[in-house]
Number of protein chains: 4
Amino acid sequence: MRHPLLEELVAKHRPDTKGGKVADYIPALSRQNPSVLGIATVTPDQELMYGGDAPEVSFTMQSISKVISLVLALMDHGEETVFSQVGMEPTGDPFNSLYKLEMMSPPKPLNPMINAGAMVVSSLVKGSGVEDRVGRLLDLVRAMADNPDIEVDEEVFRSEYETAHRNRSIAYFLKEYDQIGDVEETLQVYVRQCAIRVTCEDLARIGLSLAQYGRSVTGEQIIPQSIARLVKTFMVTCGMYNASGEFAIRVGIPAKSGVSGGILASVPGKMGIGIYSPALDDKGNSRAGVRLLQSLSRAWQLSIF
Amino acid sequence: MRHPLLEELVAKHRPDTKGGKVADYIPALSRQNPSVLGIATVTPDQELMYGGDAPEVSFTMQSISKVISLVLALMDHGEETVFSQVGMEPTGDPFNSLYKLEMMSPPKPLNPMINAGAMVVSSLVKGSGVEDRVGRLLDLVRAMADNPDIEVDEEVFRSEYETAHRNRSIAYFLKEYDQIGDVEETLQVYVRQCAIRVTCEDLARIGLSLAQYGRSVTGEQIIPQSIARLVKTFMVTCGMYNASGEFAIRVGIPAKSGVSGGILASVPGKMGIGIYSPALDDKGNSRAGVRLLQSLSRAWQLSIF
Amino acid sequence: MRHPLLEELVAKHRPDTKGGKVADYIPALSRQNPSVLGIATVTPDQELMYGGDAPEVSFTMQSISKVISLVLALMDHGEETVFSQVGMEPTGDPFNSLYKLEMMSPPKPLNPMINAGAMVVSSLVKGSGVEDRVGRLLDLVRAMADNPDIEVDEEVFRSEYETAHRNRSIAYFLKEYDQIGDVEETLQVYVRQCAIRVTCEDLARIGLSLAQYGRSVTGEQIIPQSIARLVKTFMVTCGMYNASGEFAIRVGIPAKSGVSGGILASVPGKMGIGIYSPALDDKGNSRAGVRLLQSLSRAWQLSIF
Amino acid sequence: MRHPLLEELVAKHRPDTKGGKVADYIPALSRQNPSVLGIATVTPDQELMYGGDAPEVSFTMQSISKVISLVLALMDHGEETVFSQVGMEPTGDPFNSLYKLEMMSPPKPLNPMINAGAMVVSSLVKGSGVEDRVGRLLDLVRAMADNPDIEVDEEVFRSEYETAHRNRSIAYFLKEYDQIGDVEETLQVYVRQCAIRVTCEDLARIGLSLAQYGRSVTGEQIIPQSIARLVKTFMVTCGMYNASGEFAIRVGIPAKSGVSGGILASVPGKMGIGIYSPALDDKGNSRAGVRLLQSLSRAWQLSIF
């Protein structure tokens, strides 16, 4: 259902797409339409609201998938094992940074939301081979979104896989210290999870699963409560790249963004939110999307602080 | 009033003081009794609860004072001015780190909770000279704690001021780029605010002022609501040094610690908490204090996530 | 011809092999005999002198080959092109460090003697395909050493190529910025040049070619004079990893070491020296080899300072 | 005596002063005339040659004085003590950099030519108080230059001392780890040695003392031979800030520059050279001075490589 306030806020913030820039380092992403802006929200009573281009558009999860793989790795291994291999601390450095790793011995990625940490996490997802492991990730996404039709976009995957020089550099660095399994298998899983194609509605339902402490929209407890809480914490401290601190102050909602322009947001106990607008600001977050979420947070008093 | 659960949790966690170490780099701090553990909580209905050594002990605020100076600088200048001079992003680096400053041109401290950022903030507090500026900080602390007897401990101040080589190094570095006013005046304000002597009860009431969005226990709006929210956000993302991420996950309460062993915690809408236990863990946080707060957060479901 | 002083110095320094450790990160290198120590020297009148195990042993060049590839890249492209892609400055960082690259935009390796710089240089060596480019490097080594039998040790190459995670990480990092050609081709050239098998005598003659400003032992000008001078300068400022400064002070001779335990040294106008002893010190230089060269420098007054 | 080639080279390179910039961070230095260029050379037979403005101008030593204090600290304490407190390795970082210190525990400056290392060295110079220690440094400069009239320029000293925020930051950082004595006394010595006023002729004679392995122009052995050799090595590996590598390649002469625009050069066994031209390049070296020295090195074949 279209919602008047969401429509109004989309109208207000669509001009903000103009100052942003669609990601161009992955060829398949560079073709996205920069002026798109859409939002979907869903509450525990399953009322779904739309604004802007939400119903018509789909996009790949990119870094938003780091939340999913973290959930699955925690379900597969427990907190102790996962956090013996990746840290819990936010960092002021860019998501693709390597230098802090070089300064630790052995190198342990600071958190699961930077690329190095996310690759360690993807390497931990159980399964026999790439297909099985990606299948398990897909199953979790589908369950959280209550949408069995979600798939990997193989074209985006291939485009990204071939040009993933920086991620390959990080992966081989980690391999030197045996912190990931087979490099190319880990990269295949990681890049495929990034290429899972979703809609704003999917993200809103995924956000609601976390907001409801692991219960999906259908009421099923698909994720343990403690894990649902834990990943929301990471979303606050390091979900928006190295603008996470400012986002927490201005918006105050657990959220995770991706370079495709998607934002997954989860208001504890209250609401799941999905946003898409591919024109990015200089930190790599959706420019209009962040502003739209800030307006919504104020209007509906959604800050957790 | 002594509270049975608080007493029980203090008894449970007092042994945790054993694995910690009292800060020894400031002579006056090194004389604290390592086995002390106390807690005070206060709710909007002004019910004050105690546990352990809370009523008997006092201690200096140290880094907890960074919250107070940030509030005052924001009240003096507004967000825009303050955040043009200090960032909003958490950092994985130690609180006394300099190297990131060197890599920026001009150097801008990443956030107001690391020493470099806190000195910039202290330099922004208005007033004619050290005495006036420290007086204004003291007035704010007294109002928030509803306690007119709070004073600076001059002995701790002197002890710390004379050995503040690292902070002096940071201050001169900032001075090179004109990011603080007079170096020694800034240091005098900063080290004096660190030496403000409080009790667990004081911290609990300060925490309640923030939890009540700026209203003190007497019901007076002493801090603008937006500023009260903003500083709680910083407490989550960077209040516990470079263990803030883990603390957010394990405890989930906005909090700020100091090397004296104090912790100020603020549960939005619900409660202010003050803790003191001077034996520190290797990140510089009160070892038993953090564990006590974690148990309390679980028992009373205080996590914001 | 065995030389009494060389024999005496080998006897004196052979015990120094005990404090060192054979490189173990490349399986094929870890099988070297740690107590071997040999030296060969050759003067412009072609008088060849031996000491210790020099005549019997051969070893792979490893980082010593960086001198050869630099010579060839300079002959192929000239100074201007080469130094637009790699710097001239020594660095206090380890040879396999990445972090300085991350701090420059675009990243330019500080000098051709660290791995990142050496890979850029290998990528510049002309030729149609790996075989042709390695063949040209081999031809130059053979001409400088006046020994047509020098070959690549394919077993060492394979062992190193399969475990070159760190170098592969560096190579992909450089590829991200298009600073090298095809990654695997560059690595194949680079790792093969490292696996060129030589003797102390070969190194002594190579050193003499540089000492004679590009004229080989046969009197032929095989390298332009300016290039021979230039590479000797790099050997002084960054030839011995991050112990180059100390080596310049203690020994004062242009030299380049490899993790196999070889040292190539070149005394301008006077002498070429080849040393082999695989037990390494903690900076990665031949432990007994460095000490032997220091004693020889004092005995024969070889320091250029 | 004016020398035709020196005059010709000065004429050729005077236009190079135009692209440079006089140091402006020290008020007293910013008043230097940017178009000045002078050179003096002196050979073991004491033949003194001039070119350009050499006879008329004087200037402060600035970083050139690091060579003098290193000589004196080595004479006072021996190599072992000095190099237990400061390293021997060149660095690719700027002279006033702090970050490498922060990454070592305890921090040990990489070499005596960067500011941190030079302050440690100045702190090692023996004497009872600032005056005595500066007096001993002055005595050494006078002996090496064979000029009893050399003095500290107190106006430059004061100007520099008051604005030495960055050096004060470094000094307090070192103090934190007790690597220097009293901070202000060390700074007074260090900044005063920087303010010693000399001429090109003085520098030429100082350079000759080093070139003659410690014998002054009068034939007296004022510095032990091993120390004279050692400081020339540092001049090659780190004498020209982070352009030392390029300078070694292009010029090939041990040299030390200062931000005043002076260059001290010493050709082992052959010649001392003093140059002055205050317009600096972007690395902080005399722009025309470096080019003049490069031309002279080629003309007279002075490279040690």
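Points worth noting:
- Pairwise FRET efficiency - D:ARG158 versus A:MET1, Cβ, R0 = 60 Å, nearest 0.05: 0.20
- Relative contact order %, chain C, counting alpha carbon pairs below 8 Å whose residues are six or more apart: 27 percent
- About its Cα centre, the dipole of the protein assembly as shown is roughly 0 debye, where the only charges are +1 on Lys and Arg Cβ and -1 on Asp and Glu Cβ.
- Computed with a 1.4 Å probe on the full set of protein chains, the accessible area for C:HIS13 sits at about 20 Å².
- Amide N of segment B:219-245 lying under 15 Å from the label point, which is placed 7 angstrom from the Cα of B:GLN46 along Cα→Cβ: B:219-221
- Using Cβ point charges alone (K and R +1, D and E -1), the dipole size of chain A about the Cα centre works out to roughly 880 debye.
- Rounded FRET efficiency, nearest 0.05, which uses the C-beta distance separating C:MET104 from D:LYS18 and R0 of 35 Å: 0.80
- Alpha-carbon centroid distance for the pair segment B:128-155 / segment A:129-163, whole angstrom: 58 Å
- Multiplying each eigenvalue of the alpha-carbon gyration tensor of chain C by 5 and taking the square root yields semi-axes of 28, 21, 18 Å, largest first, rounded to whole angstroms.
- From the largest down, segment A:1-130 spans 52, 37, 29 angstrom on the principal axes of its Cα atoms.
- Against chain C, whose longest principal axis comes from its Cα atoms, helix C:225-238 is set at around 90 degrees.
- Computed on protein heavy atoms with a 1.4 Å probe, the accessible areas place D:MET1, D:MET61 in the order D:MET1, D:MET61, largest first.
- Reduced Cα scattering model of the protein assembly as shown, Debye log10 I(q)/I(0), q = 0.06, 0.09 Å⁻¹: -0.58, -1.18
- Relative counts (whole %) of C-alpha pair distances in segment D:68-140, using bins that are 10 Å wide: 20, 49, 27, 5
- Put a plus charge on the Cβ of each Lys and Arg, a minus charge on the Cβ of each Asp and Glu, and nothing anywhere else: the dipole of segment C:114-179 about its Cα centre is then about 380 debye.
- Within segment A:64-194, the ratio Rg/Rh, alpha carbon atoms throughout and Rh by Kirkwood, equals 0.95.
- Converting phi to 3J(HN,Hα) with the Karplus coefficients 6.51, -1.76 and 1.60 and the offset θ = phi - 60°, segment B:13-20 yields 9, 4, x, 5, 5, 5, x, x Hz in sequence order, with x at every glycine or proline.
- Residue and whole-Å distance for the chain A Cβ lying nearest the axis of the A-onto-C rotation are A:TYR99, 2.
- Straight Cα distances below 19 angstrom link A:LYS18 to the lysines A:LYS283, with same-chain residues fewer than 8 positions distant left out.
- Relative contact order for segment C:63-194: 29 percent, from Cα pairs under 8 Å spaced at least 6 residues apart, divided by residue count.
- C:LYS175 contributes about 40 Å² of solvent-accessible surface, heavy atoms of the protein only, 1.4 Å probe.
- Shielding by partners - mean other protein chain Cβ count within 10 Å, residues of C:233-246: 5
- Measuring against 22 Å, Cα to Cα, the residue pairs B:LYS108/D:LYS100; C:LYS12/D:LYS232; A:LYS100/C:LYS108; C:LYS108/D:LYS100 contain C:LYS12/D:LYS232 as the ones spanning a longer distance.
- FRET efficiency estimate (nearest 0.05) - Cβ-Cβ, B:SER295 to B:SER128, R0 45 angstrom: 0.45
The values are calculated or read from the model by the stated rules, or taken from the named source; none is laboratory data. Model, not experiment: these values are computed from the prediction. Please note: Cβ atoms are built from the backbone with ideal geometry, for glycine as well, and neighbour counts cover all protein chains shown. Just the protein is used for accessible areas: all its heavy atoms, side chains included, with ligands, DNA and RNA removed. Shrake-Rupley method; radii C 1.70, N 1.55, O 1.52, S 1.80 Å.
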